[in-house]
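Below is one structure; the comments refer to it alone.
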Amino acid sequence: MADVRDYVLNDFSIVEKAKFIIEATDKKESDTLNVQINPNDIEFNYGLKVKEIAKSMAAGDMQAQTKGSGESTIDIPLKFDIYDEYMAASMNDSIYTDLSLVCTDFDDKGKGGVSALDRLAYWSRRGANHVAAFYWGAVVYKGTLERVSGHYTCFSRWGHVLKADVMVTMRLGNANSESLLQRIKNAADKAASFGVMNAMLIADAALR
């Protein structure tokens, strides 16, 4: 039996959840967004795009010179599912409720709903004026949220989005703000305490 699990749905045992730790560069706004279901995989793209440019020499000859420009990104596939919660709140879709994964009614600052999916979409629209970290135990990526894409896979009869398959793309780069690093450390400390508690509960159960 594996000692780690990476996919948890309708499982309420102790497990570390991946999270996005995000803050505006002016420090006026921040979010810590836990994913609902930990990802199965993460796609990474590392590399440097190299192109050749012509350089004029004093003798009139043209010489090819390489110049590097590129980016590193990660793509994080996530699943969101509030079907059970919606059915409970709406009495099996018989009464109207506002519970939904998505809010499309944005204010003048681009803010919409408060779900993790809404907030990820909001930060991706902010462009470069934010820093973000994807934290999941030993996995830590820092940069900015570049894009949130995907498709909705389940709706209520009122049009509420109940399930979604989403891809979050992060552009990796320098995101070493002191406050972001401290929040990552706080998350790691909390996870470590959680792990100790879990070990104690397992040991206690084994002695019963």
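Since every read-out is calculated from the coordinates, none of them should be taken as a lab result. On a predicted model such as this, the values are computed, not experimentally measured, just so you know. Note that each Cβ is placed from the backbone with ideal geometry, even for glycine, and that neighbours are counted across all protein chains shown.
Quick check: pseudo-label points 7 Å beyond the Cα along Cα→Cβ at Ser179 and Lys27, how many nm apart are they?
A separation of 0.6 nm, rounded to one decimal place.
Could you give the length gained by full extension between Met91 and Tyr46, i.e. 0.36 nm per residue of separation minus their alpha carbon distance, to one decimal place? Could the numbers behind the result be given before it?
Values: separation 45, 0.36 × 45 = 16.20 nm, distance 4.80 nm.
Full-extension gain reported as 11.4 nm.
Among Ile37, Ile76, Ile22, Ile95, which comes first, second and so on when ranked by fewest other beta-carbon atoms within 10 Å? Mind dumping the intermediate values first?
Numbers: Ile37 17, Ile76 23, Ile22 26, Ile95 9.
In increasing order of surrounding Cβ atoms, one gets Ile95, Ile37, Ile76, Ile22.
Order by neighbour count: Glu146, Glu23, Glu178, fewest other Cβ atoms within 10 Å first, most last. Before the final figure, lay out the partial values.
Numbers: Glu146 18, Glu23 21, Glu178 7.
Ordered by Cβ neighbours within 10 Å, fewest first: Glu178, Glu146, Glu23.
With 10 angstrom as the radius, rank Lys79, Lys17, Lys185 by how many other C-beta atoms surround their C-beta, starting from the fewest. Don't jump to the answer; show the numbers that get you there.
Numbers: Lys79 18, Lys17 15, Lys185 10.
With the sparsest Cβ surroundings first, the list reads Lys185, Lys17, Lys79.
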